[in-house]
Amino acid sequence: MCNPLLDPFDLTPFAKLKTAHFKPAFTAALESAREEIDSITHNTETPSFENTIAALDYAGYSLERISSVFFNLNSAETNSEIQNLAQEISPMLAAFGNDITLNEPLFKRVQAVYETTDTTRLTEEQQMLLTKKYRHFQRNGALLSDSEKQQLREIDKSLSKLKLTFGEHVLAETQKFKLHLTDPADLAGLPESAREGGRLLAEAEGLEGWIFTLDYPSYIPFMKYSTQRELRKKMALAFGSRAYQGDALDNSKVLKEIASLRFQRARLLGYKNHAEFVLEERMAKTPAAVGQFLKDLLEKALPAARREVLQLQDYALKSDGITHLEKWDSSFYSEKLKKETFDLEESELKPYFELSSVLDGMFRIATDLFGLHFEKDPTIETYHEEVIGFRVRDAAENFMAIFYADFHPRPGKRAGAWMTSYKPQFRKEGKNERPHISIVCNFTRPTKNTPSLLTFNEVTTLFHEFGHALHGMLADSTYPSLSGTSVYWDFVELPSQIMENWCYEPQALALFARHYQTGAVIPDKLIERIRASANFLEGMATVRQLSFAMLDMAWHGADPGEVNDVKEFETEAFGETLLLPEHPQTCMSTSFSPIFQGGYSAGYYSYKWAEVLDADAFSYFQEKGIFNREVADKFKDYILSKGGTEDPMDLYIRFRGRKPDPQALLVRAGLANADS
Ligand SMILES: [Zn+2]
């Protein structure tokens, strides 16, 4: 069989590619990757940066290319054949990764380079790579004794089981509860889409009436729009007490074990606690820095949040005679008050955001800021006829990247929006290999009579993913693992989030926000309303985000072995962030999946961290002009092109001239004068 993946390729050969090609390609690529690793391990020369560290980073290139094609397709254009194959391939790749991590002779070479190299003779990028490679082994136990290594494996095994259990409990508890309504009066306030969703759920169960569940697409609209306070209460209490009912699905014990094992793991590796272990590889660096960051923001946001609660309480009292605002009221009255205040309808905005003109405007902004030019190239093969391929050049006509854009939902595409790559950028043997970047979205499709008109949220999503794409396309590193978006976790959202800011600027909107029928530019008054409504009740929203981050740090910043009662511990961690009454039957921790099941442990703070960065970075543009080339050049030279080649704080300071200052975020969020 002729297999396009078995020959070296630059552009992904989508046209000839069949699912059946992957298995033999993976087998061959894994074998050659193993050989490459072996030749590094068994090299008889003295270990050096080049023959060990750099060689390790370049090893397995064809495996990486094939993996990215495969897993990108599994997200954007999958089918059961690909999904089954993923089940088979993933363990093979995991085993390959483990074999490297546990390869002692290989670690000995890495360690020798780490301990004997005169780092002043290395470039900054090389120093970063050396530390990164060494730490990877060390953080996985390479320095431990055999018995300690055994202990680490046991902990890891238990942890992965417990995390699964945690997730299974949350899922089971989410699915267990159903609010079945048969009286149409109980649907009061709900929009047609929510009613229809409820009807379909009931129908699926063979029942009359409507069913509402704790899944977000069902739960969120119900809490926002239902005028039935008792029903909202029922839903909220069910939601809040998931995996906290003292039965077999209760997560209290599970999460304490997870937190304890993480703590033990960190101690075994020589760290004070799990947060210290995690933050070693973050821009924030230490638990103390995160703690201070959260404390400072909370101090600024609390007065505004308290005022907003009073405002909401007042409004609920006037509207419905409600004397005690409860958790199940806040979303409902927020939505109602927001609508009353701004009267902003999606249908009013959409005509100004036709996809093709938004795309043109976005490219134009990239030209004005970074000198990039996008040229559609139909000869670039894609995995679906709807995917568009572009050739990207810089101002001097140098080829910079291939850019794929895939905009609309299809049955084989997962939900959401993301940026990914098919080929990394790196330099080798004097050649600068340019990257192949892709963004995948699920935007409103065109209909027979209307082109694709985006919601404002879709517009900012597009700019967000495009920001990640710029980080990839402008990459200019030597080593692939430090290139583009391969940066610390709390730094990766700076390029994406900063791009969203242009969506709120009249000067930028004038480039693309034109009515698709009349050609009229979006009115300034409408922009004002978009901005104001984006900040509506921002104090409460900020405090809520901070509370989650504080809870996360409380669980992971100390020895959780001391904790007896989960709810008591949680309430103390929340401290001043509790703005509405607590109820003894609810608990956040027991269903806090991002930190106990997912990868966000000691990382929840990074949402706010990234907002501080993007607001502060954008304020520099605001000071000098949002299309100022000097600032844009700095952003390109010190942030976008640098990837993970230097410490992110150093990069940021070189761009901004100082450390990030939260003030810009407070101003943008309307919280700057909240200290009254
Ligand atoms: Zn992002």
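What follows is calculated from the coordinates using simple rules that are stated; it is not laboratory data. Here the structure is a predicted model, which means the values were calculated and not measured. Reconstructed Cβ throughout: ideal geometry from the backbone, glycine too, with neighbour counts over all protein chains shown.
Summary table below
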{"item": "For peptides 25-35, 459-469, sequence by mean Cβ density within 10 Å, most packed first", "result": "459-469, 25-35"}
{"item": "Additional length obtainable on full extension of the chain from Thr119 to Asn98, 0.36 nm per residue less Cα span", "result": "4.7 nm"}
{"item": "FRET efficiency, 1/(1 + (r/R0)^6) with R0 25 Å, evaluated for Glu385 and Ala20 via beta carbons", "result": "0.75"}
{"item": "Ordering of 625-632, 104-111 by burial proxy (mean other Cβ atoms within 10 Å per residue, highest first)", "result": "104-111, 625-632"}
{"item": "Derived scalar couplings ³J(HN,Hα) [region 485-497; Karplus, 6.51 cos²θ - 1.76 cosθ + 1.60; whole Hz; x for Gly, Pro]", "result": "7, 7, 10, 4, 4, 8, 10, 5, 8, 5, x, 6, 5"}
{"item": "Computed label-point distance, nm, for sites Tyr607 and Ser193 using a 7 Å Cα→Cβ extension", "result": "2.1"}
{"item": "Ratio of the Cα radius of gyration of region 526-657 to 2.2 N^0.38 Å, where N counts its residues", "result": "1.38"}
{"item": "Of Lys234/Lys339; Lys295/Lys327; Lys163/Lys608; Lys157/Lys413; Lys608/Lys659, pairs whose Cα-Cα distance is over 27 Å", "result": "Lys157/Lys413"}
{"item": "Exposure proxy order (Cβ contacts within 10 Å, fewest to most) of Glu36, Glu623", "result": "Glu623, Glu36"}
{"item": "Neighbour-count ranking [beta-carbon atoms within 10 angstrom, fewest first] of Tyr352, Tyr605", "result": "Tyr352, Tyr605"}
{"item": "Extension gain, Leu164 back to Asn457 (0.36 nm per residue minus Cα-Cα distance, nm)", "result": "102.2 nm"}
{"item": "Net charge contributed by nearby residues that have their C-beta within less than 14 Å of Glu77 (K/R +1, D/E -1)", "result": "-1"}
{"item": "P(r), alpha carbons of the chain - 20 Å bins starting at zero, rounded %", "result": "15, 49, 33, 3, 0"}
{"item": "Rg over Rh [alpha-carbon atoms, Kirkwood Rh] for region 585-676", "result": "1.10"}
{"item": "By average C-beta atoms within 10 angstrom, highest first, the peptides 142-150, 325-333, 122-130", "result": "325-333, 122-130, 142-150"}
{"item": "Cα Rg over Rh - region 274-360, Kirkwood", "result": "1.20"}
{"item": "Approximate shape of region 404-547 as ellipsoid semi-axes (Cα gyration tensor, √5λ), whole Å, largest first", "result": "31, 21, 16"}
{"item": "Label-point gap, in nm, between Glu81 and Arg364 - each point 7 angstrom along Cα→Cβ", "result": "4.4"}
{"item": "Charge dipole magnitude, Cβ of K and R +1, D and E -1 - region 199-262, Cα centre, debye nearest 20", "result": "420"}
{"item": "Entries in Lys132/Lys431; Lys149/Lys256; Lys224/Lys338 that, when Cα-Cα distance is taken, lie over 18 Å", "result": "Lys132/Lys431; Lys149/Lys256"}
{"item": "Length gained when the stretch Arg629-Asn564 is fully extended (0.36 nm per residue, less Cα-Cα span)", "result": "17.7 nm"}
{"item": "Using θ = phi - 60° and Karplus 6.51 cos²θ - 1.76 cosθ + 1.60, couplings along region 405-414 (whole Hz; Gly, Pro as x)", "result": "10, 10, 9, 10, x, 9, x, x, 10, 6"}
{"item": "Distance in nm between pseudo-label sites at Gln175 and Lys431 (7 Å out along the Cβ direction from Cα)", "result": "5.0"}
{"item": "Of every Cα-Cα pair in region 1-69, the percent that sits beyond 14 Å", "result": "61"}
{"item": "Average silhouette area of region 335-376, convex hull of alpha-carbon atoms, in square nanometres", "result": "4.5"}
{"item": "Between region 337-387 and region 146-164, the alpha-carbon center distance in angstrom", "result": "47"}
{"item": "The chain - mean residue ellipticity at 222 nm from DSSP helices (-39,500 (n - 2.57) per run, n ≥ 4, rounded to 500)", "result": "-17500 deg cm²/dmol"}
{"item": "Residue order, fewest to most surrounding Cβ atoms within 10 angstrom, among Arg531, Arg121, Arg393", "result": "Arg121, Arg531, Arg393"}
{"item": "Around Glu646: net Lys/Arg minus Asp/Glu count, Cβ-Cβ under 11 Å", "result": "-2"}
